[in-house]
Structure formats: structure tokens, C-alpha cells
Amino acid sequence: MTTIYIDPKKKTDQIVKLSDGSFGVMKPEKQKAGMAYRFNFTSHQHPGFIMTHTPVNGDVENVDSIDGKQSFKIAWRS
């Protein structure tokens, strides 16, 4: 499981760090059902995904990709 470290105080686009040392970007997006959060990563070993709810410390997101299932844990960055 890979942990994504997020600054919970930042409500705009932010660079996120992953537990394996790679980086990505989290972008909040307005959608019909409310806010969603798009994650894209610089490393091709991690698939991008959309979270349709506000990130919560400790949540685990399971993502299916062509390389199989990956799990991402959300953790607050201090």
C-alpha cells in the first residue's frame, strides 16, 4: 500500500508526496454531485484516479488499473 501525504489546510491544487518517494498532484474539481479530487502521479507505476469525496486522514482508496489493483492510504502532512 502506498501512502499519499496531503496538506488538509490547502484547498487548491497541491503537490503531494507518496511514501515511495515519488510525487503527484491533487486537483480539486467541481462536479454535479459536489467536489471531487483528481490525483495524477509523476511515476508511471501509479495510476491516476478521481476521489469523489473529500480526502479523510486514514482513508484507503482501491484503484483498478491495467497493472492490477493498487491501494492508496491518505495521510495528513504536517
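Each reported figure results from applying straightforward, stated rules to the coordinates on display, with no laboratory input. On a predicted model such as this, the values are computed, not experimentally measured, just so you know. Cβ: placed from backbone, ideal geometry, glycine included. Neighbour counts: every protein chain shown.
So in the range 29-59, with the set limited to residues that are part of a strand (DSSP E or B) and within 10 Å of the chain's Cα centre (by Cα), which one is nearest to residue 10 (Cα to Cα)? Can you show your working first?
To start, the set of residues in the range 29-59 that are part of a strand (DSSP E or B) comprises 29-31, 34-41, 49-51.
If we keep only those that are within 10 Å of the chain's Cα centre (by Cα) as well, we get 37-41, 49-51.
On the way: 37: 13, 38: 15, 39: 15, 40: 17, 41: 18, 49: 19, 50: 18, 51: 16 Å.
Here the answer is 37.
Please determine, by comparing only the residues of the range 2-15 that are assigned to a strand (DSSP E or B) and free of Cβ contacts under 8 Å to residues at least 60 places away in the same chain, which one is surrounded by the fewest Cβ atoms within 10 Å (Cβ to Cβ). Give the steps one after another, and end with the answer.
First, the residues of the range 2-15 that are assigned to a strand (DSSP E or B): 2-6, 14-15.
This time we only want the ones that are free of Cβ contacts under 8 Å to residues at least 60 places away in the same chain, so: 14-15.
Numbers: 14: 15, 15: 11.
Residue satisfying both the conditions and the ranking: 15.
Can you name the residue in the range 63-75 that is of a type in the set (S, T, N, Q) and over 11 Å from the mean Cα position of the chain (by Cα) and is also surrounded by the most Cβ atoms within 10 Å (Cβ to Cβ) among such residues?
Ranking the candidates gives 70 first.
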